[in-house]
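Peer 1: Below: one structure in structure tokens.
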Amino acid sequence: MRTQVLEATPEALTRAAEVIRAGGLVAFPTETVYGLGADALSAVAVARIFEAKERPRGNPLIVHVADATALDEVAVRVTDRAREVVASFWPGPLTLVLDRAAAVPLITTGGLDTVAVRAPAHPVAQALIRSAGRPLAAPSANRSGRPSPTRAPHVLEDLGGRIELILDGGSTSVGLESTVLDMTTEPPTLLRPGGVTLEQLEAHLGRVRVASGDDEAAGRSPGLRFRHYAPRARVILIDAGAGEEAVLSWLDGGKSVALMVQRSVRLDRPGLRVRSMPVDLEAYARELFEALRDLDATGVDAIFVEGIAEVGLGRAIMDRLRRAAS
Ligand code: TXA
Ligand code: MG
């Protein structure tokens with residue numbers, strides 16, 4: 001299959017909506033990362049997402065809707081509390097786990113009786129959902145186990161030849177995936193930290209429980225079971241300022257090494273690449289996945305990354321770094 005890459009013009013959007021309605025696959029930008037979209041209500045279309053990504057069938061997909069009015073098409077028993085959260089954070093990088101409506105096929109939810117739903121804020125995502133006229137199942141548009149794509153060329157690299165169309169809408173603005181919040185528990189459970197911070201959620205909801213390894217074991221948080229964000233190089237998470245010795249010993253052993261740090265580093269050694277990351281967390285989040293992809297593409301043996309404080313977006317950034325390093 002030839003994968004078309006089109007700038008997201010109105011004509012391209014019309015074409016993309018046709019592809020979706022015909023059961024095809026379209027990658028499109030959201031404000032978080034690029035998604036790989038298909039008709040969420042078509043089991044046949046959704047099966048193609050799993051194939052194209054080589055994604056394990058048990059890992060459920062997020063259903064993308066244009067706004068809160070579409071909630072009741074895909075979810076049932078939506079509480080007033082969930083509606084309030086939606087009113088505060090949608091459209092935006094927040095995904096809610098709710099009880100699944102019968103219209104959503106089980107393949108979309110990885111066999112679960114819950115469904116993850118979000119309304120993306122990106123105008124191209126909004127236009128595509130509206131013109132396709134149906135909810136879109138869309139995981140991040142990377143090959144399973146690769147860093148999520150934040151630009152169209154990343155999607156082409158991972159999924160070229162496997163999907164019909166990529167809508168190019170430039171770089172995504174958040175750069176990390178949405179926050180996943182399970183609203184079927186009391187208190188609500190944070191399953192994945194992301195673009196909306198725990199602090200922001202707590203300001204609206206009071207206590208929010210943070211999912212742990214136990215949730216994973218109990219199958220409540222299927223996404224946590226699967227390997228993620230793994231570049232080919234070994235990723236090693238180090239404490240801020242404490243990694244120089246380890247870096248030097250790798251270099252002395254003849255290896256090539258990259259170092260991702262927020263400060264400026266004076267190490268200038270053959271075989272070492274330093275990638276300086278922004279101090280501002282929003283900017284850091286925006287660059288993270290691309291930095292991992294770029295450094296990996298240089299063929300280094302290891303990528304050392306300095307940890308950052310787990311406050312605000314720092315929580316989501318550290319979550320992704322830990323997974324990349326695991
Ligand atoms: O920002 C995002 O969320 C992007 C863009 C494209 O919207 N999408 C994304 O999808 O990151 P994906 O498939 O890469 O991650 C979805 C996460 C996974 O961890 C999955 O296990 C979890 O959401 N999830 C989906 N449905 C769920 C459910 N019913 N219960 C619990 N977790 C669920
Ligand atoms: Mg993903």
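The values are calculated or read from the model by the stated rules, or taken from the named source; none is laboratory data. Remember, it's a predicted structure, so these values are computed and weren't measured experimentally. A quick note on method: Cβ atoms are made from the backbone with ideal geometry, for glycine too, and the neighbour counts reach across all protein chains shown. Calculation scope for accessible area: heavy atoms of the full protein, side chains included, ligands and nucleic acids excluded. Shrake-Rupley method; radii C 1.70, N 1.55, O 1.52, S 1.80 Å.
Peer 1: Quick check on this structure: which one of Ala309, Ala285, Ala291, Ala230 is under 24 Å from the mean Cα position of the chain (by Cα), surrounded by 13 or more Cβ atoms within 10 Å (Cβ to Cβ), part of a loop (DSSP other than H, G, I, E, B) and small (Gly, Ala, Ser)?
Peer 2: Details: Ala309 fails: surrounded by 13 or more Cβ atoms within 10 Å (Cβ to Cβ); Ala285 fails: part of a loop (DSSP other than H, G, I, E, B); Ala291 fails: part of a loop (DSSP other than H, G, I, E, B).
Unique residue meeting the criteria: Ala230.
Peer 1: Could we say that Arg269 is part of a loop (DSSP other than H, G, I, E, B), of a type in the set (Lys, Arg) and not assigned by TED's automatic domain parsing to the domain that holds Ile62 here?
Peer 2: Judged against the criteria, Arg269 is a match.
Peer 1: Looking only at segment 100-118, which residues are surrounded by fewer than 23 Cβ atoms within 10 Å (Cβ to Cβ) and among the small types (Gly, Ala, Ser)?
Peer 2: Ala101, Ala102, Ala103, Gly110, Gly111
Peer 1: Step by step: first the residues of segment 52-74, then only those that are without any contact (Cβ under 8 Å) to a residue 60 or more places away in the chain and either within 17 Å of Ile107 (Cβ to Cβ) or not in a helix (DSSP H, G or I) (or both), then the one that is most open to solvent (accessible area, probe 1.4 Å). Which residue is that?
Peer 2: Ranking the candidates gives Arg57 first.
Peer 1: Leu6: over 16 Å from the mean Cα position of the chain (by Cα), at pLDDT 95 or above, open to solvent by less than 30 Å² (accessible area, probe 1.4 Å) and away from ligand 1 (no atom under 15 Å from the Cβ), yes or no?
Peer 2: No: the conditions fail for Leu6.
Peer 1: Any residue in segment 134-152 that is surrounded by fewer than 20 Cβ atoms within 10 Å (Cβ to Cβ) and of a type in the set (A, V, I, L, M, F, W, C)?
Peer 2: For segment 134-152, residues surrounded by fewer than 20 Cβ atoms within 10 Å (Cβ to Cβ) and of a type in the set (A, V, I, L, M, F, W, C): absent.
Peer 1: Going through Glu31, Glu18 one at a time, which residue ends up being over 18 Å from the mean Cα position of the chain (by Cα) and not assigned by TED's automatic domain parsing to the domain that holds Leu313?
Peer 2: The unique qualifying residue is Glu18.
Peer 1: Would you kindly identify the strands (runs of 3 or more DSSP E) lying entirely within segment 121-226 that contain at least 1 residues that are at pLDDT 95 or above and within 16 Å of ligand 2 (Cβ to nearest atom)?
Peer 2: The qualifying strands (runs of 3 or more DSSP E) are 179-182, 189-192.
Peer 1: Could I ask something else about it? Keeping to segment 237-266, report how many residues are assigned to a loop (DSSP other than H, G, I, E, B) and either in contact with a Leu (Cβ under 9 Å, 6 or more places away or on another chain) or surrounded by 14 or more Cβ atoms within 10 Å (Cβ to Cβ) (or both). Lay out the reasoning, then the answer.
Peer 2: Let us first name the residues in segment 237-266 that are assigned to a loop (DSSP other than H, G, I, E, B), namely 239-243, 253-256, 262-266.
So of that shortlist, the ones also either in contact with a Leu (Cβ under 9 Å, 6 or more places away or on another chain) or surrounded by 14 or more Cβ atoms within 10 Å (Cβ to Cβ) (or both) come out as 243, 255-256, 262, 265.
So the answer is 5.
Peer 1: Continuing with the same structure: Can you give me the number of residues within segment 82-120 that are farther than 18 Å from Asp67 by Cβ, touching a Pro at 6+ places or on another chain (Cβ under 6 Å) and away from ligand 2 (no atom under 16 Å from the Cβ)?
Peer 2: Of the residues in segment 82-120, 1 are farther than 18 Å from Asp67 by Cβ, touching a Pro at 6+ places or on another chain (Cβ under 6 Å) and away from ligand 2 (no atom under 16 Å from the Cβ).
Peer 1: Go through segment 24-36 and give me each residue that's near ligand 1 (Cβ under 8 Å from one of its atoms) and within 19 Å of Val104 (Cα to Cα).
Peer 2: Gly35, Leu36
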